[in-house]
1. Quickly work out the Glu47-to-Arg242 label distance, labels modelled 7 Å from Cα along the C-beta direction, and quote it in nm with one decimal.
2. Please get the size of the charge dipole for region 4-271, origin at its Cα centre, with Cβ charges of +1 on Lys and Arg and -1 on Asp and Glu, quoted in debye to the nearest 20.
3. If a/c stays under 1.5 just call it rounded; otherwise compare a/b with b/c (prolate if a/b is bigger, oblate if not). Do that for region 152-229, with a ≥ b ≥ c from the square roots of the Cα gyration tensor eigenvalues.
4. Would you pull out the residues with amide H under 5 Å of His57's amide H, same chain only if 5 or more places away, H placed 1.01 Å from N?
5. Please tell me the relative contact order of region 22-115 in percent, rounded to the nearest whole number, where contacts are Cα pairs under 8 Å and at least six residues apart.
6. Search the structure for amide H atoms under 5 Å from the amide H of Ala195, placed 1.01 Å from N in the peptide plane, and list their residues when 5 or more places away or on another chain.
7. Of all the stretches in the chain, which is the longest one without any exposed loop site, taking GluC sites (Glu not before Pro) in a DSSP loop (any state but H, G, I, E, B) with at most 15 other Cβ atoms within 10 Å?
8. What does the charge add up to near Asn113, with Lys and Arg as +1, Asp and Glu as -1, over the other residues with Cβ less than 13 Å from its Cβ?
Amino acid sequence: MSFMKATLITGASGGIGEAFARRLAVENHNLVLVARSENKLHDLCDELMVKHKITAHYIAVDLIDFEADLRLFEETEKHKLEIDWLINNAGFGSMGDFANLELENELEMINLNVLALVALTHRYLQKMRERQSGTIINVASTASFQPVPFMATYAATKAFVKSFSEAIAEENRLFNITVTALCPGPTETNFFDAANIGTNVKDAFLKKGMQTPEAVVEAALSAVKRGKSSVVSGWTNYMTARLGNFVPNSLITRAVGGVLRPKFEEKKQIGNAGGERKDKG
Ligand SMILES: NC(=O)c1ccc[n+]([C@@H]2O[C@H](COP(=O)([O-])OP(=O)(O)OC[C@H]3O[C@@H](n4cnc5c(N)ncnc54)[C@H](OP(=O)(O)O)[C@@H]3O)[C@@H](O)[C@H]2O)c1
């Protein structure tokens with residue numbers, strides 16, 4: 001049995017990952033969908049196979065688990081799937097005063113947003129190099145362009161993703177492999193709820209206007225076609241991201257910190273409302 005070309009998408013059970021799956025199914029990509037929510041992946045595979053006459057597999061796995069990347073790689077090899085597109089999209093965020101955030105959650109975020117992405121890229125890149133063809137999209141964020149107080153770990157993971165992707169894009173350019181860091185701004189997905197970002201902050205983003213996951217995917221595919229090593233989706237997001245070229249990080253962090261600090265101080269006071277007050281006021 002010969003190998004069948006397929007596109008592997010992590011975090012395909014919802015949001016941007018699901019939008020990638022739906023869009024690429026239209027273009028007749030065979031799919032391997034990865035996330036933890038087995039039922040959602042199963043239903044999406046069924047729907048896309050019937051609608052678009054493609055082959056769609058799913059692998060339900062927690063990418064934070066030890067050697068999950070190896071398990072995934074072995075599964076695709078076992079099923080003779082040649083992964084010629086890899087979309088490292090699974091990720092999550094957190095928001096708050098770093099000193100008060102749960103350490104385990106911050107470490108798991110690094111594990112998923114950074115370690116799993118690097119491991120999967122390394123595994124599938126070997127085969128792409130042998131074949132001298134391949135496409136990798138790594139989902140970063142506009143948060144990758146500058147440090148973000150009160151989203152410190154998340155922004156740092158995305159800065160890693162962008163830097164890493166742009167570097168390996170150059171390493172692999174002569175092998176006919178495109179690597180693109182996709183940098184979305186606020187997008188209408190489950191991201192804000194998954195990150196336990198309070199409704200006050202979410203509403204602020206909503207007011208400013210969020211992109212749809214479909215618009216983010218279009219920006220990514222257009223960048224891949226042009227062989228770009230990174231892309232910011234949306235004009236307003238692009239302009240905001242570029243601000244960092246002209247304004248020092250110290251000024252940006254002070255401004256962002258100034259906006260977000262009161263939201264977390266407010267939360268702390270509410271949390272202490274019924275408790276004993278240690279301050280004089
Ligand atoms: N939405 C935004 O505003 C925004 C902005 C910039 C960048 N991004 C980035 O875009 C990417 C996609 O996020 P989204 O906005 O589409 O959010 P989302 O709707 O919360 O989707 C996240 C996806 O990742 C999967 N996932 C989470 N933890 C996982 C784990 N441990 N193992 C395997 N899969 C896991 C989720 O599926 P299960 O829960 O089923 O596992 C889901 O499919 C992320 O990397 C995020 O950082 C989002």
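1. 3.7
2. 940
3. Oblate, since a/c reaches 1.5 and b/c is not below a/b.
4. Placed amide hydrogens put Leu31, Val32, Leu33 under 5 Å from His57.
5. 23
6. Gly93
7. Segment 103-275 is the longest.
8. Surrounding charge for Asn113 is 0.
Where a number appears in this text, it was derived from the coordinates with a stated rule and is not lab data. As the structure is a computational prediction, the values presented were derived from the model and not from experiment. Quick reminder, even Gly has a Cβ in these numbers, built from the backbone with ideal geometry, and neighbours come from all protein chains shown.
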